[in-house]
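Read through the structure below, which is laid out as structure tokens, and then see the notes.
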Amino acid sequence: MNIKNICCIGAGYVGGPTMAVIAKKCPHIKVTVVDVNKDRIAAWNHEDLSKLPVFEPELDTIVQEARGRNLFFSTDVDKAIDEAEMIFISVNTPTKTYGKGKGMAADLKYIELCARQIARVSKTNKIVVEKSTLPVRTASAIKNILDHTGNGVQFQILSNPEFLAEGTAVSDLLNPDRVLIGGDTTPEGTKAVNDLVEIYGNWVPKAQILTTNVWSSELSKLAANAFLAQRVSSINALSELCEQTGADVNEVAKAIGMDSRIGPKFLKASVGFGGSCFQKDILNLVYIARTYGLDEVSNYWEQVIIMNNHQKQRFSDNIVSTLYNTVSGKKIAFLGWAFKKDTNDTRESAAINIADNLLNEQAAVSVYDPKVVEERIYADLDYLNSRDSEENRKLLKVENDPYETCNKAHAIAVLTEWDEFVTYDWERIYDNMEKPAFIFDGRGVLNRELLNSIGFVYYNIGSGIIE
Ligand code: UDX
Ligand code: UDX
């Protein structure tokens, strides 16, 4: 089949950028991204490109080029399914908040809804591509639904996990390390795999397009995220030891990273990893291993999450103990709320838990993030249910200006590594703070010598306070 029409269900952080890049690179293919959320689709169609629902460097330029030409955003899911030869499922798969597997397993209800809708609407053969990260063997459940509830048309299920990282989504999509496609080894399965290979082949060298069986592909996505998160937890575990022993975690990371077997990436100590994937995918892996009775395997991976939770807790504990064991009524300025720089995404961001811990201590938290909007910050806090939303709004303030955020603060906590933080007028910030003026750099991005010379007491994750 020569694919001319693609539909993607789910216009989120993955579906939106991925389809925009496919549309840019394949002007001969019509790409329609659909979503049940009307506001999200309206935002994707907004004339003002700064209003797109997902902020990613370069995304606006690509959307501007392809939108209306061969890239469309719509809420008419049935129509897009009907027209497409290939349907990507890119809906969210959050951790279950109820029932069996609560707090661990992936909630597949949206995936199932999509499968049922595809089955109901389809009148011609379709290739269904799992883009969402899914537990191993989900493809067989999707196939089962499609084959038993469909209109007798043929479905091929492919797994094509997304490895893009937020903040660098566009460049990751344009120059991926690899594209992974899993499919059935039957002649029809192989053909479907080749159809998808052909699409990526429009810009990705063939040698970087890896084809496997469906289960390997599904598991590889979970495994890749688990390995990446494990590196962060490993360096974070060492960061605590460094602070006790006088070693500097950045020096340790550099020393071990120069071993070509280890490599330098993903060794930056931090306040803890966040993002929609790492925790969810590891919990998912832990749950699957436990389901098969593999307790050692599941306990091994669970430790990555335990370490990450510990890192967040110890960061806020350290603020409280350094500020003479009380932060009650003290203003603590947060620089950054997003889970990493260059994104407006806050899912599982360490800042949320750290704010919550400090609010429990009755601190007056003030937040500035260059891209995260006020409603998002309050929604993140309210979601924890630690206190009512009125109380959250009373205790935590969101500012549009970093200098205002830091004004009269007892301490600053750097929670996201936004580039602009380095360039601030730190003398001015110091002059307007309470003294001693503390900075807790949870990202290791600020200049220690400069800050110490101005008079700050500067704590850096993984080396502590050096005066
Ligand atoms: C993705 C992946 O799909 C997920 O598996 C991965 O682990 C994280 O990234 P993401 O794009 O980040 O999800 O999620 P989100 O931004 O929440 O977008 C999902 C979209 O799907 C939402 O806009 C939601 O409205 C839409 N959706 C959900 C539907 O259109 N139909 C549904 O039935 C459910
Ligand atoms: C991750 C994977 O990298 C990507 O391949 C997958 O598709 C989705 O999940 P993402 O969550 O967008 O991407 O961002 P990533 O760059 O991996 O960062 C995740 C978290 O780890 C962030 O909070 C980041 O700040 C933190 N991190 C990363 C560190 O603390 N130290 C590091 O050295 C690297």
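The values are calculated or read from the model by the stated rules, or taken from the named source; none is laboratory data. Nothing here was measured: the structure is a model prediction, and the numbers come from that model. Reconstructed Cβ throughout: ideal geometry from the backbone, glycine too, with neighbour counts over all protein chains shown.
The table that follows gives values for the structure above.
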quantity: Condition broken by Leu108, with the remaining ones in (1) away from ligand 1 (no atom under 14 Å from the Cβ); (2) surrounded by 15 or more Cβ atoms within 10 Å (Cβ to Cβ) satisfied; calculated: (1)
quantity: Test: Ser276 is buried (at least 23 other Cβ atoms within 10 Å of the Cβ) and assigned by TED's automatic domain parsing to the domain that holds Gly462; calculated: no
quantity: Among the candidates Lys191, Lys254, Lys221, residue that is assigned by TED's automatic domain parsing to the domain that holds Glu130 and part of a helix (DSSP H, G or I); calculated: Lys191
quantity: Odd one out for Lys221 among (1) modelled with pLDDT of 95 or more; (2) of a type in the set (Lys, Arg); (3) under 22 Å from the mean Cα position of the chain (by Cα); (4) farther than 23 Å from Asp317 by Cβ; calculated: (1)
quantity: Positions within the stretch 262-281 being in a loop (DSSP other than H, G, I, E, B) and either more than 16 Å from ligand 1 (Cβ to nearest atom) or among the acidic types (Asp, Glu) (or both), in sequence order; calculated: Ile262, Gly263, Pro264, Lys265, Phe266, Leu267, Lys268, Ala269, Ser270, Val271, Gly272
quantity: Strands (runs of 3 or more DSSP E) fully within the stretch 310-412 counting 3 or more residues that are within 18 Å of Ile439 (Cβ to Cβ); calculated: 331-335, 364-368
quantity: Residue in the stretch 140-161 that is part of a loop (DSSP other than H, G, I, E, B), more than 20 Å from Asp78 (Cα to Cα) and within 14 Å of ligand 1 (Cβ to nearest atom) present; calculated: yes
quantity: Close pairs (7 angstrom Cβ cut-off, 6 or more residues apart or separate chains): modelled with pLDDT under 85 in the stretch 132-143, among the aromatic types (Phe, Trp, Tyr) and away from ligand 1 (no atom under 11 Å from the Cβ) anywhere; calculated: Val136/Trp215; Arg137/Trp215
quantity: In the stretch 336-354, the residues that are among the polar types (S, T, N, Q) and either at pLDDT 95 or above or not assigned by TED's automatic domain parsing to the domain that holds Val372 (or both); calculated: Thr346, Ser349, Asn353
quantity: Hits in the stretch 1-18 - residues which are in contact with a helix residue (DSSP H, G or I) (Cβ under 9 Å, 6 or more places away or on another chain) and of a type outside the set (Gly, Ala, Ser); calculated: Met1, Asn2, Ile3, Asn5, Ile6, Cys7, Cys8, Ile9, Tyr13, Val14, Pro17, Thr18
quantity: Yes/no for Tyr98 being closer than 26 Å to Val63 by Cβ and hydroxyl-bearing (Ser, Thr, Tyr); calculated: no
quantity: In the stretch 39-98, residue nearest to Val14 (Cα to Cα) [restricted to those that are within 16 Å of ligand 1 (Cβ to nearest atom), among the aliphatic types (A, V, I, L, M) and in a strand (DSSP E or B)]; calculated: Ile89
quantity: Residue satisfying all of: in the stretch 264-302; small (Gly, Ala, Ser) and in contact with a helix residue (DSSP H, G or I) (Cβ under 6 Å, 6 or more places away or on another chain); farthest from Thr97 (Cα to Cα) among these; calculated: Ala269
quantity: Residue satisfying all of: in the stretch 8-36; among the small types (Gly, Ala, Ser) and more than 6 Å from ligand 1 (Cβ to nearest atom); farthest from Asp60 (Cα to Cα) among these; calculated: Ala23
quantity: Hits in the stretch 435-467 - residues which are in a loop (DSSP other than H, G, I, E, B) and touching a residue at least 60 places away in the same chain (Cβ under 8 Å); calculated: Gly442, Arg443, Gly444, Ile461, Gly462, Ser463
